[in-house]
Amino acid sequence: MKNIKIFALLLTLFISSNSYAATKDCFEKVNRATFAFNNALDKVIFKPVATGYSYLPAPVKSGVNNATSNILYLITIPNDILQGNFSNAFNNSGRFLINTTFGILGLFDPAQKMGLEKLDHEDYGQTLGAWGVGPGCYFVLPILGPTTVRDAVGRIGNTFLDPFYIMTVGDREMMNSDFEEKVYYIEKGLDVTDFRANNLKSFKNLEKNSVDLYASIRSLYLQRRENLISNNSTPKDEWKDFK
């Protein structure tokens, strides 16, 4: 309840001051420095780990992708409802229930074979955008990467209103055990590794063909987020997982 009140307060303040604001790179010098740091960290840690992960058997990688995607429905479903997409909420609820049970905690995707389509995930940043909240300034977070003021506020909801976070990290605070917390961070680490591995070639091509990699990533991120908010994403989108 405390987390919900904090998020509601931030949401109220944000809507009143940033609605329909144009996206501007208000902190470009700092952003470029942070981007350079993230890029160096990627070359040293994330890219090598993702490259090694990419050599794992396809069934293992598919299972990780399915399982991490399944957990995200705990955020997607309430945001489907908040955006009034009740048919999507019904579809995604069915996918979550079927894949969590018959799919063994989401490792497999029997819901797809039963006709329940795999749709784009939704989050609180997208919901704010669907409600007409402007993006505010663009900026780059250390390690976490590109975002906007709107999406940064959404990240708070994505964490503290996430049932998976509440059941793991939240339980750790109440039960004085770090097992659940480790489960949460392992899942997040696998999600990031799976994304990076799936986009090794795309990132390489982008880096090779970009005159200004920072500007290219910024443009890609903002366009992708707008496509997600307006539901204009397509299954053939090369950057379908880029958020």
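The values are calculated or read from the model by the stated rules, or taken from the named source; none is laboratory data. Predicted, not measured: the structure shown is a model, and the values here were computed from it. All Cβ positions, even for glycine, are placed from backbone atoms using ideal geometry, and neighbour counts span all protein chains on display.
Here are the numbers for the structure shown:
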{"read-out": "Leading residue by the ranking (nearest to residue 70 (Cα to Cα)) among those in segment 88-108 that are among the hydroxyl-bearing types (Ser, Thr, Tyr) and surrounded by 15 or more Cβ atoms within 10 Å (Cβ to Cβ)", "value": "100"}
{"read-out": "Matching entry among 146, 142 (being surrounded by 13 or more Cβ atoms within 10 Å (Cβ to Cβ) and closer than 23 Å to residue 49 by Cβ)", "value": "146"}
{"read-out": "Within segment 28-70, considering residues that are polar (S, T, N, Q) and touching a strand residue (DSSP E or B) at 6+ places or on another chain (Cβ under 9 Å), the one nearest to residue 200 (Cα to Cα)", "value": "38"}
{"read-out": "Selection within segment 110-129 - within 14 Å of residue 153 (Cα to Cα) and not acidic (Asp, Glu)", "value": "124, 125, 126, 127, 128, 129"}
{"read-out": "Pairs with Cβ under 9 Å, 6+ apart, first in segment 197-216 and in contact (Cβ under 8 Å) with a residue 40 or more places away in the chain and more than 24 Å from residue 62 (Cα to Cα), second assigned to a helix (DSSP H, G or I) and of a type in the set (A, V, I, L, M)", "value": "213/206; 214/36"}
{"read-out": "Where a residue in segment 64-91 is in contact (Cβ under 8 Å) with a residue 40 or more places away in the chain and more than 15 Å from residue 128 (Cβ to Cβ) and its partner, wherever it lies, is among the acidic types (Asp, Glu) and part of a helix (DSSP H, G or I), with Cβ under 6 Å and at least six apart", "value": "64/194; 65/194; 68/191"}
{"read-out": "Residue tally, condition within 20 Å of the chain's Cα centre (by Cα) and part of a loop (DSSP other than H, G, I, E, B), over segment 80-108", "value": "5"}
{"read-out": "Residue count for segment 62-78, restricted to those that are closer than 13 Å to residue 120 by Cα and either of a type in the set (Lys, Arg) or over 13 Å from the mean Cα position of the chain (by Cα) (or both)", "value": "1"}
{"read-out": "Filter result (at pLDDT below 95 and aliphatic (A, V, I, L, M)) within segment 17-44", "value": "21, 22"}
{"read-out": "Index of the failed condition, residue 120 passing every other in (1) modelled with pLDDT of 95 or more; (2) of a type outside the set (Val, Ile, Thr); (3) outside any helix (DSSP H, G or I)", "value": "(1)"}
{"read-out": "Residue, surrounded by the fewest Cβ atoms within 10 Å (Cβ to Cβ), within segment 109-131, restricted to residues that are small (Gly, Ala, Ser) and more than 20 Å from the chain's Cα centre (by Cα)", "value": "115"}
{"read-out": "Segment 187-225, residues that are of a type in the set (Val, Ile, Thr) and part of a helix (DSSP H, G or I)", "value": "192, 193, 217"}
{"read-out": "Residue list for segment 87-114, filter: more than 24 Å from residue 186 (Cβ to Cβ), among the hydrophobic types (A, V, I, L, M, F, W, C) and out of contact with any helix residue (DSSP H, G or I) (no Cβ under 7 Å at 6 or more places or on another chain)", "value": "90"}
{"read-out": "Selected residue [without any contact (Cβ under 8 Å) to a residue 24 or more places away in the chain and on the phi > 0 side of the Ramachandran plot] from 143, 104, 186", "value": "104"}
{"read-out": "Meets criteria (modelled with pLDDT under 85, outside any helix (DSSP H, G or I) and acidic (Asp, Glu)) for residue 241", "value": "yes"}
